[in-house]
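Engineer: First the structure, then my questions, so here it is.
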Amino acid sequence: MSDDQTTQTPNASNTMWGGRFERGPAEIMERINASIDFDRKLYAQDIQGSKAHAQMLVATGILTNEDGASIAAGLDRVKAEIEQGSFAFRKDREDIHLNIEARLAELIGPAAGRLHTARSRNDQVATDFRLWVRDAIDRLSALTMGLVAALLDKAATHAEVIMPGFTHLQVAQPITFGHHLMAYVAMLERDLGRLRDARVRLNECPLGAAALAGTSFPIDRHLTAKALGFDRPTANSLDSVSSRDFALEYLAAASILGVHLSRLAEELVIWTSAQFRFVTLTDAFTTGSSIMPQKRNPDAAELSRAKVGRIIGALNTLLIVMKGLPLAYAKDMQEDKEPTFDAADAIELVVAAMAGMVADLTPNDVALHAAAGSGFSTATDLADWLVRTLNLPFREAHHVTGRIVKLAETRGITLDALSLADMQGIEPRISADVFAVLSVENSVASRVSFGGTAPSGVKTQIAAARARLGL
């Protein structure tokens, strides 16, 4: 989509942008140039922007009241035709702008040609795309809030369920299931902040910048910006038509959100395996096998994990499209929409699927508790006890604990299965009080530092998150 001149009335020898051209484009030129197959998704925003532009033209005396009313009514009819499926999109009219304008001309006659006064397809598409991305941010924010609500509900229900915490995918220390889920709430809150910030920076209106230099007509860009819900008009006409950083920022925020969700998806794949059995998903979010009747596959999680690649790919695509483009508009920028549209569909689907799986899953308390006690997960608690009770330097306590762990490992037993005499053989000052810190229950309950895994702290985290987010 581009427009370096006022749109002309079509004639027998050329298309809507003709006048200077005597012959039509080659067939391959039409194929590479046309964007109507994908930019038809902008129809609502295009009509919204055109109605606001027409209202401004009337308010500034550039357009008569009669023409303004005729244009508004005609645009409403075009929108109805598109939504009813009766609108005939034509590739020879290139894009959504020219398709709508041509149909408007069929409906209301010459007044349609006055709508393009004091604007270009360059500022028109920049406005349409900003409106679309703004809507996409609002949709994604609402869906993400839904996922956060599901996580908070599940975390509250299972705030005291003990599970293993991992580093390097090796059992590290006991934590609670609620605490683990709250880690994703923290990530998603930052994702919501990025979306909110992107929306603030996006919310300036390019309409009226025209092709690149502004216009000589006495337009009121502030009026148009207000009508379209923007905070203000963009400040520089060159930047207005040539920038797509608002889409890049949306895709960046969506990519980071997707990466966070891919981590949760990976954990669901691992947790639902027979080797872990940490959680179960119902038939609603699993599939079977065509040959192995015992299988229950976490396909929703696997597909969510995979679709994130498409979102990151869209960000990379647009970054490469924009890299090195001179000011102002170049037709390269027509390639901004397909990856953004595809990424929006993908991230919205992933967020919705993840919210469904979180609400659907049931933790296996017995398996989680058993795993939490494996791998000498309370070794750090033992080292901390040695520091607090025997006043050992932590490095020395770490060394003593390592020797005790090695002894238990050699015997194939857990730390709390060792006798007091066994431990005193390594450090004579150890007393029977040490057994109070070797259970996973006591380990978890002791982690009362701010942001820690103790159930009391997790419940405080949940309440604070609900208050911040209004959930």
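Engineer: Between helix 455-469 and the chain, what is the angle of the helix's C-alpha long axis to the longest principal axis, kept within 0 to 90° and rounded to the nearest 10?
Structural biologist: Result, in degrees: 10.
Engineer: Here's a follow-up. Given the alpha-carbon gyration tensor of the range 190-235, what are the semi-axes of its equivalent ellipsoid in whole angstrom, ordered largest first, with each equal to the square root of 5 times an eigenvalue?
Structural biologist: Largest first, the range 190-235 gives 26, 11, 5 Å.
Engineer: Need one number: nm distance between label points at Thr362 and Ala73, each 7 Å from Cα along Cα→Cβ, rounded to one decimal.
Structural biologist: 6.2 nm
Engineer: Leaving out ligands and nucleic acids, note down the accessible area per residue over the chain with a 1.4 angstrom probe, in whole Å².
Structural biologist: 46 Å²
Engineer: Any chance you could run the full-extension gain for Ala88 through Thr460? It's 0.36 nm times the residue separation minus the Cα-Cα distance, nm to one decimal.
Structural biologist: Stretched fully, the Ala88-Thr460 segment lengthens by 128.2 nm.
Engineer: Something else about it: If we count every other residue with Cβ under 13 angstrom of Ala436's Cβ, Lys/Arg +1 and Asp/Glu -1, where does the sum land?
Structural biologist: On the way: positive: Arg388; negative: Asp381, Asp384, Asp416, Asp433, Glu441.
Summing Lys and Arg as +1 and Asp and Glu as -1 gives -4.
Engineer: Continuing with this model, one more query. Can you give the net charge of the other residues whose Cβ lies under 12 Å from the Cβ of His180, counting K and R as +1 and D and E as -1?
Structural biologist: Result for the local shell: +1.
Engineer: Taking a 25 Å limit on the Cα-Cα distance, which of the listed pairs Lys51/Lys337; Lys41/Lys331; Lys79/Lys331; Lys91/Lys307; Lys406/Lys459 fall beyond it?
Structural biologist: Lys79/Lys331; Lys91/Lys307; Lys406/Lys459
Engineer: Which value in Å does the Kirkwood hydrodynamic radius of the range 371-469 take, with 1/r averaged over all unlike C-alpha pairs and then inverted? Each step should come with its number before you reach the end.
Structural biologist: Numbers: mean 1/r = 0.0685 Å⁻¹.
Over the range 371-469, the inverse of the mean reciprocal pair distance is 14.6 Å.
Engineer: Calculate how steeply helix 96-108 sits against the longest principal axis of the alpha-carbon atoms of the chain, using the helix alpha-carbon long axis, and give the answer as 0 to 90 degrees to the nearest 10.
Structural biologist: Between helix and principal axis, roughly 40 degrees.
Engineer: If you wrap the range 115-185's Cα atoms in a convex hull and average its projection over all directions, what's the area in nm²?
Structural biologist: With the hull built on Cα positions only, its mean projection is 7.6 nm².
Engineer: Take Val321, Val444 and sort them by solvent-accessible surface of the protein heavy atoms, 1.4 Å probe, largest at the top. Spell out each step's value before the answer.
Structural biologist: Values: Val321 30, Val444 5 Å².
From most exposed to least exposed: Val321, Val444.
Engineer: Pairing the Cα long axis of helix 65-84 with the longest principal axis of the chain, what angle in degrees results, from 0 to 90 and rounded to the nearest 10?
Structural biologist: The angle comes out at about 50 degrees.
Engineer: For the pair Ala213 and Arg403, what calculated FRET efficiency results from E = 1/(1 + (r/R0)^6), where r is the Cβ-Cβ distance and R0 = 56 Å, to the nearest 0.05?
Structural biologist: Here the calculated transfer efficiency is 0.10.
Engineer: I'm a student and want to see the number: the projected area of the Cα convex hull of the chain, averaged over all directions, in nm².
Structural biologist: 30.0 nm²
Engineer: Quantify, in whole percent, the carbon and sulfur part of the accessible surface of the chain (1.4 Å probe; protein heavy atoms only).
Structural biologist: Working: 11720 of 21630 Å².
Roughly 54 percent, rounded to a whole number.
Engineer: On to the next question. Please express the Cα-Cα pair-distance distribution P(r) of the range 34-115 as a list of whole percents, one per 10 Å bin, running from 0 to the bin with the greatest distance.
Structural biologist: The distribution over the range 34-115 is 20, 52, 24, 4, given as percents.
Engineer: Additional query: Which whole-number percent gives the relative contact order of the range 289-363, counting Cα pairs below 8 Å spaced six or more residues apart?
Structural biologist: Contact order relative to length: 40 percent.
Engineer: Calculate for the chain the 222 nm mean residue ellipticity that helices alone would give, adding -39,500 (n - 2.57) per DSSP H run of length 4 or more and normalising by residue count, nearest 500 deg cm²/dmol.
Structural biologist: Helix contribution divided over all residues of the chain: -19500 deg cm²/dmol.
The values are calculated or read from the model by the stated rules, or taken from the named source; none is laboratory data. These figures come from a predicted structure and were not determined experimentally. Positions of Cβ are backbone-derived with ideal geometry, glycine not excepted, and every protein chain shown enters the neighbour counts. Note: accessible area is taken over every heavy atom of the protein model, side chains too, but ligands, DNA and RNA are not part of it. Shrake-Rupley method; radii C 1.70, N 1.55, O 1.52, S 1.80 Å.
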